[in-house]
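For reference, the structure discussed in these notes is given below.
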Ligand code: MV4
């Protein structure tokens, strides 16, 4: 078996994964070529590359998905190999086979291995032969209503109908009894035909509360396959994973081993090469069933790297070069526990719609032991609506699951951003939830605990108190020294420290209270409402580095950090954050509000209009929802105000910059 050393690697991807691949490749002395779209010309992965080539406009179909443009860039830079990352062209048989034809190494499996996982029913037939457990059901060729009825009787209810060409949960239907079957089949066939151009269906027993457990495998070109243990990815929302961990908790050793060996048989059955993932549905009984195989490196690969100590990208490159895997299965060991949180630019308070904007302030966790941040963004960067909203991943390792979880929480508390709403507060609430802490995981986790996951850990008064303290720090008032004339400046009173008034706007509402410095780094805040007064005690110590404080707030201990952007004060309290305006007469509107016109951020289709001329709306209310690039984008009211005119309707196709809503900021009174 001959090996070819990779000297130049073209990375056909963007964002965090392009940087992740470069980190390993550049450390091995490999020259890295980035290809990028016009929207990414100043992105960190472009700056980090040894060579960077613009391959087209922002739309992925015009750039990152253009096989010809990428192959041309590879020829122009004499790249020996192309790494496709995940998403985009990573499971595209055309790119893989064109690489094969041109003698460029494709860092991934052979084109026919990718193809054999393209059809679910064909894949199931192959996997069945390899002796891997499948969910009982029907995956045959005959697609008549009659045959489905006979098979449904054999399998029993509830049933799940899946599109054979589908993926990621698209086009699935649960059928509870025979009376629903014919309609469900007909509907699923129509949907599969229009979504995938292929009406072929399969049917399975519906598992009510499974876990998503997947096994990382690695194969060399000599046919050696190994499993690198498993991950649990059950915590997801609408088929978008949020938290992943390795190893999957609570799986008996014998089952773990059987699942690993089954995953290797899946790879063997399709002639796999490189890093791949076999997904299983896992039931609390210890039964597992093949779901699908992903023929690429996955977003969540770092948790596997942390428990095995292996660099998966390095091994992908080595097996692409033709090197053999050096270990027997028994040589591979799993150490400790790793947990990953995905950082998305999306708004948990607005149906998790993706958000765009500028990262005015970005401070990512650093200096924490056993924490890794795989990020694709830099401060000042614009987050556009063109691509997936995942900006970064935070990964923590610990000797056991709970240590990993605590360390991940600490790291997320150190992830401070202004300018773009992120899901960090939400993920932190998931990590703290008793069911998650107790590893009680199923694919229904988020919907099951939805109501409990929306609650902020702080009351409004606590938020005001923390905002006040952040403001004191930001103005560098000498609050730790009550003898200082500063602290007494405007209302000095004999016999005691000064009472002063503070006004804070939080989430569009104005609040006011009195504060009094009562000692060295101590204060009392007094809130008056409905004739009663309430006091909140605060004390704090500052940390050596940065502007962070440890605060005692009543009985709570809170780690507090802050950031400023213009008049806005960003308050970061543990893993909870908000924006405050302190002692400021009028809130400055957002840039978009200045001319009172809300424009489409990009070309797309209107899917919902939830306002009409004359309506009064609150800041942040969703006015129009658009769909573009398979994602939804909400246009929101930039401030409290009134709708002057609506210039679009549901199903309209609108172009970038087109005015959709005219809006006037101000009180309704
Ligand atoms: C299932 C299932 C229950 N029973 N199959 C969702 C994505 C697609 N790859 C397969 N999926 C499922 N297949 C049977 N027979 C439940 C799901 C499922 C799911 C699986 C993994 C992670 C999240 C999920 C969320 C909803 C449904």
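Just so it is clear, none of the values below were taken in a lab; they were calculated from the coordinates. Here the structure is a predicted model, which means the values were calculated and not measured. Neighbour counts are summed over all protein chains in view; Cβ atoms, including those assigned to glycine, are modelled from backbone coordinates with ideal geometry.
Before moving on, here are some points about what is shown:
- Volume of the convex hull of the range 404-479 (Cα atoms only), normalised per residue: 128 Å³.
- Computed from label points 7 Å out along Cα-Cβ, the spacing between residue 333 and residue 78 is 4.4 nm.
- With contacts taken as Cα pairs under 8 Å at a separation of at least 6 residues, the chain carries a relative contact order of 9 percent.
- Rg/Rh (Cα only; Kirkwood hydrodynamic radius) as it applies to the range 41-97: 0.93
- For the range 85-106 and the range 394-408, distance of Cα centres in Å: 36 Å
- Shown here: the range 340-447, whose C-alpha atoms stretch 38, 34, 18 Å along the first, second and third principal axes, sorted largest to smallest.
- Nearest-ten-degree value, helix 401-413 long axis tilted from longest Cα axis of the chain: 50 degrees
- Global geometry of the range 76-164, whether rounded, prolate or oblate, following the gyration tensor of its Cα atoms and the 1.5 cut on a/c: prolate
- Built from the Cα atoms of the range 208-351, the convex hull projects on average onto 9.4 nm², one quarter of its surface area.
- Take the convex hull of the alpha carbons in the range 253-338; its mean projected area over all directions comes to 6.2 nm².
- Taking one quarter of the surface of the C-alpha convex hull of the chain gives a mean projected area of 33.3 nm².
- Residues of the range 625-659 falling in the label zone of residue 608, defined by backbone nitrogen less than 16 Å from a point 7 Å along Cα to beta-carbon, are 625-628, 631-637, 649-652.
- Gyration tensor verdict on the range 509-584 (Cα atoms; rounded if a/c is under 1.5, prolate if a/b is larger than b/c, oblate otherwise): oblate
- Comparing Cα centroids, the range 138-200 and the range 224-278 end up 27 angstrom apart.
- Taking a ≥ b ≥ c as the square roots of the eigenvalues of the Cα gyration tensor, the range 1-42 is classed as prolate, since a/c reaches at least 1.5 and a/b is larger than b/c.
- When Rg and the Kirkwood Rh are both derived from Cα coordinates, the Rg/Rh ratio for the range 1-86 amounts to 0.96.
- Residue 444-residue 47 pseudo-label distance in nm [points 7 Å out on the Cα-to-Cβ vector]: 4.7 nm
- Working note: Debye formula, equal point scatterers on the alpha-carbon atoms of the range 1-154, no solvent; log10 I(q)/I(0) at q = 0.12, 0.14, 0.15, 0.19 Å⁻¹ is -0.61, -0.73, -0.79, -1.07.
- Normalised per residue, the volume of the convex hull around the Cα set of the range 139-272 (Å³): 143 Å³
- Here is the tail figure for the range 331-403: Cα pairs spaced more than 18 Å apart come to 51 percent of all pairs.
- C-alpha long axis of helix 120-129 to longest principal axis of the chain, angle in °: 60 degrees
- Rough spin-label spacing in nm, given labels placed 7 Å along Cα→Cβ, for residue 130 and residue 28: 2.4 nm
- If R0 is taken as 35 Å, the Cβ-Cβ distance between residue 176 and residue 406 corresponds to a FRET efficiency of 0.25.
- The angle separating the long axis of helix 145-155 from the principal Cα axis of greatest extent in the chain is about 80 degrees.
- Helical mean residue ellipticity (222 nm; -39500 (n - 2.57) per DSSP H run of 4+; nearest 500) of the chain: -7500 deg cm²/dmol
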